[in-house]
Amino acid sequence: MEPVAVVGVGMTAMRRERRKDGYADLVYEAVCLALEDAGMTIDQVDNVVTVSNDFFDGRTISSMAIQDACGSYDKNVSTVEGDGTFGAFYGLMRILSGSFGTTLVCAHHKGSESEMALITNAMFDPIYERFLGVEAITSSALQARAYMDKYGVTEEDCALVSVKNHGNAFRNPVAQLPLELTVEEVMASPYVAEPLKVLDCCPISDGASAVILASAERAAKITDKPVWVRGVAHCCDAYHLGDRDLSDVRALQYAARKAYSMAGISDPRQEIDLVELYDAFTYMELMWLEGLGFCDPGDGGKLTASGATALDGKIPVNPSGGCLSGHPVLVAGLNRIIECVLQLRGDAGERQVDGVRAAVAHGVNGPCGQSHCVWVLGGER
Amino acid sequence: MAEERKELIKLESGEAEQPFCWSAGVYGSKFLTELRDNKRFVGVKCPKCGKVYVPPRNVCGPCFAELTELVPVSDEGEIVTFTVVSFGFVDPSTGKQKPVPYGYAVIKLDGADTYILHYLDETDPQKIKVGARVKAVFEEERTGSMLDVKHFTLLER
Ligand SMILES: [Zn+2]
């Protein structure tokens, strides 16, 4: 792959409700922050990819309604309806096509303006599943049970993730939900859909983010701290939950293997220094760690209990606080990439991890991690 | 001069609906009419790999082969995974909130290779096990929908 770099990142603060801000306000804020971070003007952006979802926005072609705020006026703009990691993937491809030297990728979401359960219910099949009331939490509870039952993972194992990620959020000024918790407090929080409790679940959030990608030639002119895309891949499992073994992370394993192979990584446990993954629910961090190859299947709880994934551990996971500490849907994947970029550049402030040379960012699309996108980012090409 | 009022306005979408009407397709229609008229489940079998899909559809994803052979499957099966839902939200099919808690499961019907989602008539998670046997309980009044099955009942308690 021709080298492509992340040259600028920007994210708004994530909050339960950013009442003052409409979509366009959030997008403009994130885009301006990314441009400022890159030291660029909007004229230097060759094309734009916007990421949004029509159901969440309550309007069709939601991606086009922020055209002025994202800076795509008189530019080539295209759209992705899916997680931000997939939007960034498309932005990367547009540079690799040779047609553009830079791509601005932005994503927005306001969970405060709609009914989350009704919208996530609508991602399921309208003939066979939707009328049975399944939505994001119920489907994830089914997956959590399948995974925990298969490997003997406990609710306490999952609670460790909540304690760690909410704790990390104290060092991230844009995080929505820093919490000082104990495993006992997580265990004592009420069930939402057994085995998931309130403190196993991500919050509803408002927020927007933007990332600027550039070819090597353009990156050299823009920044002296480029973060390089060393490998990236995605893979999709079946749509119907009933067609999948929900305890299985096949699609993630495939995407990770492919991304590692592109990046020349043979042993992620030794060669990756930091991970930002899509922890919409606590059990997901354990499952995704296994799928990404950081431990054997079923050992995610043990790895977490060992302290290896803590901020000062061998392989810090979600130093930003993760989705558990702020979850604007779609934006969340871009946020995973942004945290890796900040960490690789040494710009992560109070939560800076020492000596990060290679980091993995991970996003999901579809119910229960139907599709996974894995990015390997590095300070060197 | 009057004092400046600072308020942040939000507009509601109102009562307008966005109705849809989805085709169930030929096999889906057969599946739903069998539920409605005969309290039976049918699936469709892949000619290449032999996998039986319930509910039926037209293509086997892994083989990318067209599915044509309808086969009967049982109204009994086993629990693949489950949850007990304690939060309520408005059921899009009825416009009413379903009373909580309620049992929910992924179920493998005997003779099928894929699973369906449905309600369980048990709400104590301690009494539900992965692998437990279940049987469909049908509604008296059936309309040709997944809700023609009231819920699945545990065969052993
Ligand atoms: Zn087949």
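Things worth noting here:
- Elements of the type helices (runs of 4 or more DSSP H) sitting completely within region A:221-339 and holding at least 1 residues that are over 30 Å from residue A:194 (Cα atoms) and acidic (Asp, Glu): these cover A:268-271.
- Residues in region B:1-30 that are away from the ligand (no atom under 16 Å from the Cβ), closer than 22 Å to residue A:131 by Cα and surrounded by 10 or more Cβ atoms within 10 Å (Cβ to Cβ): B:22, B:24, B:25, B:26, B:28, B:29, B:30.
- The selection criterion, being surrounded by 19 or more Cβ atoms within 10 Å (Cβ to Cβ), over 19 Å from the mean Cα position of the chain (by Cα), part of a helix (DSSP H, G or I) and β-branched (Val, Ile, Thr), does not hold for residue A:127.
- Of all residues in region B:100-111, none satisfies being touching a residue at least 60 places away in the same chain (Cβ under 8 Å), outside the structural domain of residue B:144 (by TED's automatic domain parsing) and surrounded by 12 or more Cβ atoms within 10 Å (Cβ to Cβ).
- A search for C-beta distances below 7 Å between a residue of region A:351-370 that is under 20 Å from residue A:327 (Cβ atoms) and modelled with pLDDT of 95 or more and any residue that is part of a loop (DSSP other than H, G, I, E, B) and among the polar types (S, T, N, Q), counting only pairs 6+ apart in sequence or on different chains, returns A:351/A:172.
- Scan region B:31-54 for residues that are closer than 20 Å to residue A:126 by Cβ and within 16 Å of the ligand (Cβ to nearest atom) and the total you get is 4.
- Which numbered condition residue B:51 misses (of (1) out of contact with any Asp or Glu (no Cβ under 6 Å at 6 or more places or on another chain); (2) facing chain A (nearest Cβ under 10 Å); (3) surrounded by 12 or more Cβ atoms within 10 Å (Cβ to Cβ)): (1)
- Here residue B:66 fulfils each of the conditions (1) within 11 Å of another protein chain (Cβ to nearest Cβ); (2) without any contact (Cβ under 8 Å) to a residue 24 or more places away in the chain apart from (1).
- Yes/no for residue B:101 being within 12 Å of chain A (Cβ to nearest Cβ) and more than 16 Å from the chain's Cα centre (by Cα): yes
- Whether a residue is within 17 Å of the chain's Cα centre (by Cα) and among the acidic types (Asp, Glu) was assessed, and residue B:124 does not pass this test.
- From the list A:99, A:112, the lone residue that is at the interface with chain B (Cβ under 10 Å from one of its Cβ atoms) and surrounded by fewer than 23 Cβ atoms within 10 Å (Cβ to Cβ) is A:112.
- The residues of region B:86-116 that are among the β-branched types (Val, Ile, Thr) and outside any strand (DSSP E or B), listed by number, are B:94, B:100, B:114.
- Filter pass, residue A:298 being modelled with pLDDT of 95 or more and either crowded, with 16+ Cβ neighbours inside 10 Å or touching a Lys or Arg at 6+ places or on another chain (Cβ under 7 Å) (or both): yes
- Residues that are in a helix (DSSP H, G or I) and over 21 Å from the mean Cα position of the chain (by Cα), drawn from region A:170-214: A:183, A:184, A:185, A:186, A:187, A:188
- Filter result for the condition that a residue is over 26 Å from residue B:45 (Cβ atoms) and in contact with a strand residue (DSSP E or B) (Cβ under 6 Å, 6 or more places away or on another chain), over B:116, B:79, B:128, B:107: B:128
- Filter pass, residue B:114 being buried (at least 19 other Cβ atoms within 10 Å of the Cβ) and touching a residue at least 60 places away in the same chain (Cβ under 8 Å): yes
- Within the set B:90, B:71, the sole residue that is away from the ligand (no atom under 16 Å from the Cβ) and either under 22 Å from residue B:152 (Cβ atoms) or within 10 Å of another protein chain (Cβ to nearest Cβ) (or both) turns out to be B:90.
So that you can scan it fast, the table gives a plain yes or no per residue for (1) more than 14 Å from chain B (Cβ to nearest Cβ); (2) buried (at least 19 other Cβ atoms within 10 Å of the Cβ); (3) touching a Phe, Trp or Tyr at 6+ places or on another chain (Cβ under 9 Å):
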{"residue": "A:17", "(1), (2), (3)": "no, no, no"}
{"residue": "A:42", "(1), (2), (3)": "yes, no, yes"}
{"residue": "A:56", "(1), (2), (3)": "no, yes, no"}
{"residue": "A:67", "(1), (2), (3)": "yes, no, yes"}
{"residue": "A:77", "(1), (2), (3)": "yes, no, no"}
{"residue": "A:93", "(1), (2), (3)": "yes, no, no"}
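- Once region A:123-153 is narrowed to residues that are in contact with a helix residue (DSSP H, G or I) (Cβ under 7 Å, 6 or more places away or on another chain), more than 8 Å from chain B (Cβ to nearest Cβ) and hydroxyl-bearing (Ser, Thr, Tyr), the residue that is nearest to residue A:288 (Cα to Cα) is A:147.
The values are calculated or read from the model by the stated rules, or taken from the named source; none is laboratory data. What you see is a predicted model, and the numbers here were worked out from it, not measured in a lab. Counting neighbours? That spans all protein chains shown, and the Cβs are built from the backbone with ideal geometry, glycine included.
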